[in-house]
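Data block below; observations after.
The values are calculated or read from the model by the stated rules, or taken from the named source; none is laboratory data. Just so we're clear, the structure is a prediction, and the values are computed from it rather than from any experiment. Note that each Cβ is placed from the backbone with ideal geometry, even for glycine, and that neighbours are counted across all protein chains shown. The accessibility values were calculated without ligands, DNA or RNA, using every heavy atom of the protein model including side chains. Shrake-Rupley method; radii C 1.70, N 1.55, O 1.52, S 1.80 Å.
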Amino acid sequence: MRKAQRAQIEVQGTAITVVYSENGDFISLTDMAKRFGDDNLIYSWMRNRNIVEFLGVWEQLHNPDFKGNEFETFRSQAGLNSFNLTPRKWVEATGAIGIRSQAGRYGGGTFAHRDIAFEFGTWLSPEFKLYLIKEFQRLKEEEISRKSLDWNLNRTLSKLNYRVHTDAIKTHLIPPAITAEQSALVYATEADLLNVARFGI
């Protein structure tokens, strides 16, 4: 399970928080709304019938525990003047996983899965959405590059450690007067011993 990590991207001069977790990448809708000067934009966006339908379809595709009956109630009321929907109300009523609402001065706000965040970006401004996607892709490419470097470093260290290990066995554990089959058995036994010591198997 991947531990949640935070990063930031800058979109048209605005810092946008991205959270990586085991359930996907989530982007701060609160930060996005601040770019346009109004935190209430999230609530206005969620009142739209097309958005409610989009959120419901996204949940049906990704969330086996999504409560469809509650969604149908929201969908039938969406667009009415009296309709009001907040991220917290949506999550609590439907069991949604695509939007998260977190309290707190630092790290709090409304976060949405990147699919949903891009949809919010379109509603705010198509130009803003394109810059958001571009910066998000740049961030993902940096993450892939970093993981590749880490993998190559681990591979190199494994090669070096393997060489040290086999040289030590050859020097200290294998008598000069044994056959190649007996020598292979000693190497295998030592490898098994290391696996038990390191991994318990």
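One table, with the values for the structure above:
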{"item": "Non-local Lys pairs in the chain, i.e. 8 or more apart or on different chains, that have alpha carbons under 30 Å apart", "result": "21"}
{"item": "Principal-axis tilt of helix 49-62 within the chain, Cα atoms, nearest 10 degrees", "result": "20"}
{"item": "Nonlocal amide H pairs with residue 8, under 5 Å, H built at 1.01 Å", "result": "18"}
{"item": "Nearest-ten-degree value, helix 180-199 long axis tilted from longest Cα axis of the chain", "result": "40"}
{"item": "Cα lying deepest toward the dipole's positive end in the chain, options 9, 133, 57, charges on Cβ", "result": "9"}
{"item": "Per residue solvent-accessible surface (Å²) - the chain, probe of 1.4 Å", "result": "64"}
{"item": "Anisotropy class of region 27-95 from Cα gyration tensor, a/c 1.5 cut", "result": "oblate"}
{"item": "Dipole axis of the chain (+1 Lys, Arg; -1 Asp, Glu on Cβ), positive-most option in 97, 144, 23", "result": "144"}
{"item": "Rounded accessible area of residue 170 (nearest 10 Å², 1.4 Å probe)", "result": "130"}
{"item": "Long-range HN-HN contacts of residue 25 with modeled amide H, under 5 Å", "result": "114"}
{"item": "Check: region 47-90 dipole with +1 on Lys, Arg Cβ and -1 on Asp, Glu Cβ, in debye", "result": "220"}
{"item": "Principal-axis tilt of helix 126-172 within the chain, Cα atoms, nearest 10 degrees", "result": "10"}
{"item": "Listed residues 180, 73, 83: farthest to the positive end of the dipole of the chain (Cβ charges)", "result": "83"}
{"item": "Under 12 Å from the residue 115 label point (7 Å along Cα→beta-carbon), backbone N, region 1-42", "result": "24-25"}
{"item": "Charge dipole (debye, nearest 20) of the chain; +1 at Cβ of Lys and Arg, -1 at Cβ of Asp and Glu", "result": "340"}
